[in-house]
Amino acid sequence: MRIAEIYLENLAHNIAQIKQNLRPGVKICAAVKADAYGHGAVRCAKKAVECGVEFLSVATVGEGIELRKAGISRPILVLSLCDKSEMRSLVKYNLTPLVGDAEYIDLIEAAAKKFFKSQKNSANEISAERKNTSNKTCEKFAVHLAVDTGMGRIGCLPHEAKDLAKKIALSQNLSLGGVCTHFASADETSKKYRDYAQSQYEKFSLAINSIRAEKVDAGIVHCSSSAALLDRPEWQFDMVRPGIILYGYCAGKITQKYLSQKKIRFEPKPVMALVTSVSAIRHFAKGQSVSYGCTWTSERETKIAVLPIGYADGLLRRASPGLEVAINGKKYPVRGRICMDQCMAEIGMKSDAKRFDRVVIFGPKESGALCTAQDLADAQGTIPYEILTSISKRVKRIFI
Ligand SMILES: *Cc1c(COP(=O)(O)O)cnc(C)c1O
């Protein structure tokens, strides 16, 4: 048994916490990419919409289609660039791409033109997929212009923004739904990184002003993901794009403690608990070793609980030694290497743990967990994003 319990009420709580920190009228674009950071995109997106989230964001066209097929009609931003072969689907399912160069804009324009023409030819019938979406009355296909202000990933350079914005606004089949950028270091607190984020913000502001100076409507302006939206409320513009904080974790060094020092109230609750059960209790004499490579050997008589969860479930191999799991409210160390499908925890001679007892690896308090994905990330030199998105398909998501 290996399951990820998804506490949807905690997602709702986190959204409410975010809203408390937003300036009036600022929209939320909830990042549900990578299967909602491993939490299950459809259920999380539906919950987020129920909580008043206006936009969703995904990384790939396939992720967007999954949401549309589940009946989600909110605008969906596709944050990564897509292949030419995916552009028809982009238009068909009314997914909103980020664009950042003339060639890409031309390709999307051509795909939109072709799609709209084929629609007209098919007896003015709006396809079922597009009917499902919120901007069915808009005959133009909305795109958001991405400006690269220093992330070095996607987008145009700030000085190119006004011409590209104009190009989109004047095109036959596209409309400029918004303009955005993405920060490279908003989750850091040292002066060097804060200055860098500040310079990105300033470049972005100038780009927005240059677009408006051309009398082009920039649409929805957005730049802040989790870190910036909390730490830099003055940068919220028209919309914010939280991801990790939806799922109950702080972004980088923008911790709860750091925020509370700045008098910003934010108390997120983890949404996922990773749970398994004891599949056997073994009685070991002194000198018996555990797992591949025999990296751990019992120093005294002890008991070992065999747990049916391993690195193929996303319990990363590097987590041991160091990982502790909770059984009946007590912490026990995982011994030896984590295998693909199993691992072993030492419960000692006095533990009351027995076969089929619930084992919680991380999660919110109410799950019985004694640590969070942040604790695991800290111990492994990574970030909660990686811990959460590593939980594999084999782990059944149960929504609570
Ligand atoms: C993933 C992503 C986000 C959300 O980031 P978090 O740090 O999880 O809040 C926002 N914007 C873009 C462009 C992203 O790729």
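The values are calculated or read from the model by the stated rules, or taken from the named source; none is laboratory data. Keep in mind that what you see is a predicted model, and the values were worked out from it rather than measured. Reconstructed Cβ throughout: ideal geometry from the backbone, glycine too, with neighbour counts over all protein chains shown.
Within 16 Å of the ligand (Cβ to nearest atom) and crowded, with 24+ Cβ neighbours inside 10 Å, is that true of GLY155?
Numbers: within 16 Å of the ligand (Cβ to nearest atom): yes; crowded, with 24+ Cβ neighbours inside 10 Å: yes.
Criteria met by GLY155.
Under 9 Å between Cβ atoms, at least 6 apart or on separate chains: pull out the pairs that start in the range 231-251 with a residue that is of a type in the set (S, T, N, Q) and end on any residue that is outside any loop (DSSP other than H, G, I, E, B).
Short answer, once both residue conditions are applied: GLN236/HIS222; GLN236/CYS223; GLN236/SER224; GLN236/ALA228; GLN236/LEU229.
So which of VAL143, VAL147 ends up being away from the ligand (no atom under 13 Å from the Cβ) and either of a type outside the set (Ser, Thr, Tyr) or modelled with pLDDT under 95 (or both)?
One residue alone meets the criteria, VAL143.
Say we look at the range 2-49 and pick out the residues that are within 16 Å of the ligand (Cβ to nearest atom) and part of a strand (DSSP E or B); which of these is surrounded by the most Cβ atoms within 10 Å (Cβ to Cβ)?
Top of the filtered list is CYS29.
Out of ALA165, ALA197, I need the residue that is buried (at least 21 other Cβ atoms within 10 Å of the Cβ), in contact with a Phe, Trp or Tyr (Cβ under 6 Å, 6 or more places away or on another chain) and either among the basic types (Lys, Arg) or modelled with pLDDT of 95 or more (or both). Which one?
Result of the check over ALA165, ALA197: ALA197.
Which residue is modelled with the highest pLDDT, if the candidates are limited to the range 93-140 and must be among the hydroxyl-bearing types (Ser, Thr, Tyr) and over 19 Å from ILE65 (Cβ atoms)?
Among those residues, the one meeting the criterion is TYR104.
Could you list, in sequence order, the residues of the range 50-62 that are farther than 11 Å from TYR93 by Cβ and either in a loop (DSSP other than H, G, I, E, B) or away from the ligand (no atom under 12 Å from the Cβ) (or both)?
Residues satisfying the conditions are GLU50, CYS51, GLY52, VAL53, GLU54, ALA59, THR60.
Hey, can you tell me all the residues within the range 75-101 that are in contact (Cβ under 8 Å) with a residue 40 or more places away in the chain and away from the ligand (no atom under 16 Å from the Cβ)?
Result: VAL91, TYR93, ASN94, ASP101.
Given the conditions (1) closer than 26 Å to LYS162 by Cα; (2) more than 16 Å from the ligand (Cβ to nearest atom), which single one is not true for LEU229?
Every listed condition holds for LEU229 apart from (2).
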